[in-house]
Structure formats: structure tokens, C-alpha cells
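The structure appears right after this line, and notes come after that.
The values are calculated or read from the model by the stated rules, or taken from the named source; none is laboratory data. Remember, it's a predicted structure, so these values are computed and weren't measured experimentally. Here the Cβ is made from the backbone with ideal geometry for all residues, glycine too, and neighbour counts use every protein chain on show. SASA here: full protein model, heavy atoms, side chains in, ligands and nucleic acids out. Shrake-Rupley method; radii C 1.70, N 1.55, O 1.52, S 1.80 Å.
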Amino acid sequence: MAMLEVRDLDVFYGVIQAIKSVSFEVNEGEIIALIGANGAGKTTILQSISGLLTPKKGSIKFEGRELVKMPTHDIVALGMAHIPEGRRIFANQTVYENLKLGAYTRKSKEETNSILEKVYKSFPRLKERSKQLAGTLSGGEQQMLAMGRALMSNPRIILMDEPSMGLSPLFVNEIFDIIKEINKAGTTVFLVEQNAKKALSIADRAYVLETGKIVIEGSAKELLNDDSVKKAYLGE
Amino acid sequence: MVRFLEQFINGLSVGSVYALIALGYTMVYGIARMINFAHGDIIMVGAYVLYVCKSIIGLPSIVSVIVTIVFCSLLGITIEKIAYKPLRKAPSLAVLITAIGMSFLLQALSLLIFGANPITFPSVIKVSPIYIGSITISGITIITFVVTFICMIGLTYFVNNTKAGSAMRAASEDKPAAELMGINVNRTISMVFAIGSALAGVAGFLYISQYQSLMPTLGALPGIKAFVAAVLGGIGSIPGAMLGGIMLGVIESLSKAYISTQLADAIVFGILVIVLIVKPSGLLGKNSIEKV
Ligand SMILES: Nc1ncnc2c1ncn2[C@@H]1O[C@H](COP(=O)(O)OP(=O)(O)OP(=O)(O)O)[C@@H](O)[C@H]1O
Ligand SMILES: [Mg+2]
């Protein structure tokens with residue numbers, strides 16, 4: 001059984017259908033990429049999974065449990081973290097407070113502290129700036145914070161919405177290295193990206209979304225060599 | 001000089017009660033982005049509950065005060081649940097009108113139960129005054145200082161240093177992001193109403209100890225003054241509500257003593273207008289301006 005299983009998902013904004021009968025699955029331990037142009041519906045899919053949006057039809061199962069209509073905070077407590085589009089860090093709280101909020105669902109103090117040490121190790125910059133207000137961090141630092149904050153809940157799966165957005169090429173490489181590390185450490189990753197080349201280079205499998213429908217799916221390698229993908233998303 | 005000091009102390013005492021009430025407005029605004037116009041009437045309900053516990057049932061004063069606070073807190077949670085929660089996604093005008101309606105409802109209920117005639121209710125505070133030189137500080141003033149000080153310190157600690165306080169600030173800033181942290185935002189909003197209304201209950205106890213006369217509309221005046229205080233300090237800001245409340249009390253008291261009793265309110269509102277022209281977000285408010 002797949003870890004995350006989405007079946008026949010329909011999502012509407014008012015009368016406009018943004019997602020049309022989308023199905024896909026994510027197996028434990030995988031990095032799955034979802035790529036697509038602006039407005040294809042990638043964010044809509046992620047928000048439906050984490051319960052920020054309620055789909056009109058379809059089912060979303062996480063480790064066998066139905067997520068549709070479950071409140072977001074309960075979904076998070078099951079072991080899912082979602083790094084939203086635009087980072088959405090708490091600008092008026094410090095870096096440290098943001099990280100603590102990431103561990104909100106964790107009961108044990110020792111566990112939280114040991115995860116915090118790990119996060120500081122992956123992102124030394126966050127440790128240096130732990131007392132700084134998050135809103136005053138640079139864009140790249142805010143992205144690190146958003147990732148660190150998501151890791152603080154020690155999730156079994158992380159949904160990432162365009163982690164490379166607005167970052168310099170050097171930084172993009174760093175972020176993708178970190179995503180690989182996170183995955184190696186045992187966390188399943190569902191990655192939404194516009195930077196298709198980068199996403200496909202680290203993903204196991206991928207789905208291509210076009211105006212609310214999945215049009216291509218396959219292993220990342222296949223997609224990297226697919227002519228239509230090359231033309232539309234890899235700029236070759 | 002003695003008169004000035006006495007008026008100043010009096011102003012601090014009145015102002016700290018305004019501050020307690022203003023905290024309720026500002027915290028609720030911070031998390032629910034609404035002005036809870038029924039907040040002043042919680043003070044009134046608190047005063048009547050205290051009266052019922054103390055004078056009718058005959059409970060000891062301290063028990064009566066605790067029952068009052070708990071009752072107000074539960075009332076706040078209930079009002080939020082039945083009247084405001086269903087309107088979470090409604091336009092803010094609908095919420096505003098509902099809040100005004102809730103205010104009328106509470107006043108009408110107390111009118112129905114207790115009638116329109118003022119009821120005399122002697123203060124439950126039996127503390128003797130203290131004398132410093134030729135200045136007299138009444139027992140009620142002393143208790144007011146002690147109680148409001150404890151409430152403000154406690155609240156500040158809670159908001160800044162506890163997990164629930166951090167969750168409250170997170171939900172005030174970004175509700176979907178707070179949910180993604182695993183925070184139950186609805187429950188957090190409920191908690192804010194509980195705290196704000198408990199503080200209104202405390203204010204009701206202090207206010208009625210001072211004025212000693214019960215009327216269904218008694219919450220309106222302190223309610224509107226505290227609202228002004230919250231706006232003055234910067235709506236949404238907790239230290240702002242404390243500062244705004246205390247400033248308002250002192251300005252009011254000194255204007256009454258030295259300028260004119262009739263003009264005191266005009267002076268208070270005049271200062272509010274000036275502050276809002278110079279700094280539209282209030283003294284300690286964030287700079288983003290939002291219409292209410
Ligand atoms: N709140 C909303 N109300 C109405 N329509 C919306 C809303 N949010 C998104 N849409 C529409 O739904 C479609 C999918 O949007 P979505 O944000 O999921 O795209 P996306 O693939 O994440 O795009 P991007 O890469 O630009 O982030 C778009 O046409 C968008 O205009
Ligand atoms: Mg998007």
C-alpha cells in the first residue's frame with residue numbers, strides 16, 4: 001500500500017474547477033516531484049492534502065486513513081508537514097520561536113531539543129540567528145527556516161511548495177542537497193516545483209500537471225528524456 | 001501637589017481597569033479581526049453575577065469573585081461559539097452587527113431579570129485606606145492596583161513565554177500557517193475569548209466596587225472608553241492596550257480635576273483623534289492599517 005494515495009480528486013474554487021479527477025500515489029521513502037506551469041493547480045493539490053482546502057470529490061489516504069474533511073491540525077499530528085508556498089514563517093516571532101512552533105505537536109521536550117540540534121546542524125545559519133525576528137531574515141534564510149520548522153515535527157512525509165522560489169542558483173543547489181539529505185534520513189518527500197530540471201534530478205518519480213489534470217507520469221529519468229517534457233518544462 | 005498626586009493615583013486606578021477591559025478588545029481583535037462590541041456588557045454581567053453570589057446567595061467575597069470570573073469566561077466562550085464562530089468567513093460588517101446585537105441581547109436579558117431600577121450594591125472590598133504623608137489611598141484603589149498588576153504580568157508572561165501563548169500569537173499572525181503547525185486555531189480563538197472575558201469579569205468586580213450601583217447599561221461607558229484605549233494604544237497590541245488604558249484614565253482624571261468635568265470626555269477623544277492623525281495605527285500598533 002502506498003503511503004499517500006490520492007484518487008479521483010476534484011477541487012473547485014466557486015464554480016471554477018481547478019483540479020480535475022487527479023490520481024497519484026507516493027510510496028514510503030520516495031521523492032516525488034509534481035511539476036507544472038503557473039496556475040496548473042499544484043498548490044491547490046498540496047492544500048487539499050493538508051486539509052487547507054476541501055475537495056469536492058475524491059479521496060486522499062495517508063497510511064490508510066482518509067484525510068478529506070479532517071481538520072489540518074489533526075492531519076499534521078498524523079506525521080505530515082507542509083511547507084507552504086511563500087514560506088509563511090511567523091514574521092513577528094523569533095527564529096527559535098518559529099522552530100518551536102514547528103514542534104507544536106510533539107509532546108516530549110527532550111525529543112524536541114534533540115531534533116532542534118539536528119536542524120541547527122543542517123542549517124547553522126538558523127542557530128546563529130535564533131534570536132532574530134523571522135521577518136528580518138533574508139529570503140534564503142526564510143526558506144531555511146520554513147524547512148527547519150517543518151522538520152521540527154519529525155514528519156513521516158513533507159509536502160514542499162516551490163522551495164526554490166526566489167533563490168539564487170547557488171542557494172537552489174544547497175536547498176536541493178538538503179532535500180536529498182532529508183529524504184536519506186527517512187522522510188518521504190512530495191515536491192512541487194517550477195524548476196523542473198532540478199526537481200527531476202533528485203526525484204524518483206514525477207507527475208506533470210496541466211490545467212488541473214495529470215498528463216504525464218513516470219520515473220524521473222523517463223521524464224528527463226521525454227520530448228514533450230523537454231520542450232515544455234526543461235527549455236531544451 | 002497633594003491634590004495632583006491624589007488625582008494622578010485615581011487616574012492610574014481608573015486607567016488600569018480600562019486597561020484590563022482594553023486587553024479583551026485588543027486580544028480578540030488580534031486573533032479574530034473583529035471588534036467584540038458585547039465585550040463591555042460582559043463587565044455588566046460580571047457585576048450582576050457578583051451581586052447575586054454575594055448579596056442574594058450570601059457566598060464569601062472571595063468565592064463570589066472567583067465565580068464571577070469563571071462565569072464571565074464561560075459566557076465569552078459561549079458567545080464566540082454560538083454567535084461569532086458561524087460567521088468566521090462572513091463579511092466583517094455582518095460580524096460587527098452580530099456583536100452589537102449580542103450587546104443588546106445581554107442588556108435586555110439583565111433588564112428582564114433584574115429590572116431597570118438601579119440596585120445599590122456595597123463594595124465587597126473591605127481593605128482600609130493607607131496614608132502616605134497627607135495623601136490618602138483608598139482600599140479599593142489598592143486592591144485595583146494589586147489585581148490589575150497581577151493580571152497584566154500574568155498575561156504578558158502567558159503570551160510571551162508559554163506554548164499556548166506562542167500558538168496564540170502564531171494564529172493571530174497567520175491562521176492557515178498556524179494550522180500547519182498543528183495548532184487548533186478554533187480552540188485558540190476560544191481560549192482568547194475565555195481570557196478576555198475573564199479579564200472583563202475582573203474589571204466588572206473592580207468597577208462595581210467603585211461605583212456600587214447596578215444597571216443593565218453599566219458596561220457601556222467603561223466598554224467604550226476601553227475600546228478607545230485599545231485604539232489609542234494600537235488595536236491588536238497587548239502592551240498598547242495597557243498603556244492606552246492607563247493613559248486614558250490619567251488624562252481623564254486630571255482633566256476632570258483641573259479643566260472641567262463636562263469637557264473631560266471631549267479632551268480624551270480629542271487626544272485620540274490627534275494620536276490617530278499622527279500615528280494611524282495607535283501608539284504601539286503595527287503600521288499596517290486596516291479598516292474595521
Ligand atoms: N482562492 C482562489 N480563488 C479562485 N481561484 C483560485 C484560487 N486559488 C487558486 N485559484 C486558481 O486555481 C488555479 C490553480 O492555482 P494554483 O495556485 O493551485 O496553481 P499553481 O500550480 O500552484 O501555480 P503557481 O506555480 O503559480 O504557484 C489557478 O487558475 C488559480 O487562478
Ligand atoms: Mg503554487
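What the table below lists for this structure:
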| item | result |
| --- | --- |
| Members of region A:25-70 that are more than 10 Å from ligand 1 (Cβ to nearest atom) and at positive phi | A:Gly29, A:Gly51, A:Gly58, A:Glu63, A:Gly64, A:Lys69 |
| Residue within region A:104-111 that is at the interface with chain B (Cβ under 8 Å from one of its Cβ atoms) and among the basic types (Lys, Arg) present | no |
| Residue within region A:51-71 that is open to solvent by less than 10 Å² (accessible area, probe 1.4 Å), within 13 Å of chain B (Cβ to nearest Cβ) and touching a Ser or Thr at 6+ places or on another chain (Cβ under 9 Å) present | no |
| Tally, over region B:167-189, of residues that are open to solvent by less than 40 Å² (accessible area, probe 1.4 Å) and more than 22 Å from the chain's Cα centre (by Cα) | 12 |
| Filter pass, B:Lys163 being within 28 Å of B:Lys81 (Cα to Cα), open to solvent by 80 Å² or more (accessible area, probe 1.4 Å) and either touching a Lys or Arg at 6+ places or on another chain (Cβ under 9 Å) or at pLDDT below 95 (or both) | yes |
| Wholly within region A:97-200, helices (runs of 4 or more DSSP H) carrying at least 2 residues that are within 27 Å of A:Leu224 (Cα to Cα) | A:139-151, A:169-184 |
| Hits in region A:134-186 - residues which are more than 16 Å from ligand 1 (Cβ to nearest atom), of a type in the set (A, V, I, L, M) and within 14 Å of chain B (Cβ to nearest Cβ) | A:Ala134, A:Leu145, A:Met147, A:Ala150, A:Leu151, A:Met152, A:Ile157, A:Ile158 |
| Some residue of region A:205-223 being within 14 Å of ligand 1 (Cβ to nearest atom), within 16 Å of the chain's Cα centre (by Cα) and within 14 Å of chain B (Cβ to nearest Cβ) | no |
| Residue in region B:237-257 that is touching a residue at least 40 places away in the same chain (Cβ under 8 Å) and part of a loop (DSSP other than H, G, I, E, B) present | yes |
| Some residue of region B:242-258 being more than 17 Å from B:Ser172 (Cα to Cα), of a type in the set (A, V, I, L, M, F, W, C) and open to solvent by 90 Å² or more (accessible area, probe 1.4 Å) | no |
| Subset of region A:4-20 (residues that are surrounded by fewer than 20 Cβ atoms within 10 Å (Cβ to Cβ) and either at positive phi or away from ligand 1 (no atom under 12 Å from the Cβ) (or both)) | A:Glu5, A:Arg7, A:Asp8, A:Asp10, A:Gly14 |
| Residue in region A:21-49 that is nearest to the other protein chains (Cβ to nearest Cβ), counting only those that are assigned to a loop (DSSP other than H, G, I, E, B) and buried (at least 22 other Cβ atoms within 10 Å of the Cβ) | A:Gly41 |
| Candidates B:Ile224, B:Ile195, B:Ile183 - the one that is under 21 Å from B:Glu80 (Cα atoms) and within 14 Å of chain A (Cβ to nearest Cβ) | B:Ile183 |
| Given (1) in contact with a Leu (Cβ under 6 Å, 6 or more places away or on another chain); (2) away from ligand 2 (no atom under 16 Å from the Cβ); (3) aliphatic (A, V, I, L, M), index of the condition A:Ala2 fails | (1) |
| Residue check for B:Gly76: under 23 Å from B:Ser16 (Cα atoms), surrounded by 14 or more Cβ atoms within 10 Å (Cβ to Cβ) and within 14 Å of chain A (Cβ to nearest Cβ) | no |
| Candidates B:Ala167, B:Ala200 - the one that is in contact with a Leu (Cβ under 9 Å, 6 or more places away or on another chain) and free of Cβ contacts under 8 Å to residues at least 40 places away in the same chain | B:Ala167 |
| Flag for B:Ala171 being over 27 Å from B:Leu272 (Cβ atoms) and within 14 Å of chain A (Cβ to nearest Cβ) | yes |
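Conditions (1) modelled with pLDDT under 95; (2) open to solvent by 40 Å² or more (accessible area, probe 1.4 Å); (3) in contact with an Asp or Glu (Cβ under 6 Å, 6 or more places away or on another chain); (4) among the acidic types (Asp, Glu), marked per residue:
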| residue | (1), (2), (3), (4) |
| --- | --- |
| B:Glu6 | yes, yes, no, yes |
| B:Gly15 | no, no, no, no |
| B:Ala19 | no, no, no, no |
| B:Ala47 | no, no, no, no |
| B:Val67 | no, yes, no, no |
